[in-house]
Amino acid sequence: MDDLDATQLLALVRDIHLPAAPPQPAVWPMLLAAIIILLALAAVFLSRYRKRDSWASQAKKELTLIEQSGHSQALEQTASLLKRIALTHDNRREVKHLSGKPWLNYLDLFFNTQYFTEGEGKLFGHALYQQNIRAPENIYRDLRKLIRRRDWQQ
């Protein structure tokens, strides 16, 4: 084979051809995946935008204003806020007229807790209407947590 020149070597491999190039991948699966991802991101951002203006965020803002006011009627305003939250989510007539122990039981059921019948939330029963009742310092923080948890459970 040493005495073969380049032209003879090329003639030997002339009938060997490169394989055909593979077909280009389809573009539509990539476009479909991109559209699905964009729609999912839009849904996530839309839900976060709606959550920002939800009843829970408005209630937490009002609760913060009540807490910061330091007003002597802050406890009554907080009780009124709890009643409005309950009435917004439950259209039964009896909710409007609940007070005392039944009201505390309803709040426990509504917020899925025992904070109102066994914890510091007892304050929103009959004791609320006694004079010189001061709210514990952590009651507003606890109520914000309950509101946030109720919002996430929906």
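Residue count for the stretch 66-84, restricted to those that are open to solvent by less than 20 Å² (accessible area, probe 1.4 Å) and closer than 16 Å to Phe111 by Cα: 4. Using the structure shown, decide if Leu104 is open to solvent by less than 100 Å² (accessible area, probe 1.4 Å) and under 24 Å from Asp151 (Cβ atoms). It is true that Leu104 is open to solvent by less than 100 Å² (accessible area, probe 1.4 Å) and under 24 Å from Asp151 (Cβ atoms). Any residue that is hydrophobic (A, V, I, L, M, F, W, C), more than 19 Å from Ile139 (Cβ to Cβ) and in contact (Cβ under 8 Å) with a residue 60 or more places away in the chain - is there at least one of those in the stretch 45-57? Scanning the stretch 45-57 turns up at least one residue that is hydrophobic (A, V, I, L, M, F, W, C), more than 19 Å from Ile139 (Cβ to Cβ) and in contact (Cβ under 8 Å) with a residue 60 or more places away in the chain.
Within the stretch 114-126, can one find any residue that is closer than 19 Å to Arg84 by Cβ, open to solvent by 70 Å² or more (accessible area, probe 1.4 Å), of a type in the set (S, T, N, Q) and at pLDDT 85 or above? The answer is no; no qualifying residue exists. Take the conditions aromatic (Phe, Trp, Tyr) and farther than 30 Å from Ser47 by Cα and apply them to Phe111. Does it pass? The answer is no for Phe111. Of the candidates Leu143, Leu109, the single residue that is at pLDDT 85 or above and either surrounded by 16 or more Cβ atoms within 10 Å (Cβ to Cβ) or closer than 21 Å to Gln58 by Cα (or both) is Leu143.
Scoring Ile133 on the criteria (1) in contact (Cβ under 8 Å) with a residue 12 or more places away in the chain; (2) in contact with a Leu (Cβ under 7 Å, 6 or more places away or on another chain); (3) in a helix (DSSP H, G or I) leaves a single failure, condition (3). Looking at this structure, is Arg148 under 21 Å from Lys61 (Cα atoms), open to solvent by 100 Å² or more (accessible area, probe 1.4 Å) and assigned to a helix (DSSP H, G or I)? When the stated conditions are applied, Arg148 passes them.
Flag: Leu4 does not match the condition of being within 19 Å of Arg149 (Cα to Cα) and open to solvent by less than 80 Å² (accessible area, probe 1.4 Å).
The values are calculated or read from the model by the stated rules, or taken from the named source; none is laboratory data. Fair warning: this is a prediction, and the values are worked out from it, not measured in the lab. Virtual Cβ from ideal backbone geometry, glycine too; neighbours counted across all protein chains shown. With ligands, DNA and RNA removed, areas are computed over all heavy atoms of the protein, side chains included. Shrake-Rupley method; radii C 1.70, N 1.55, O 1.52, S 1.80 Å.
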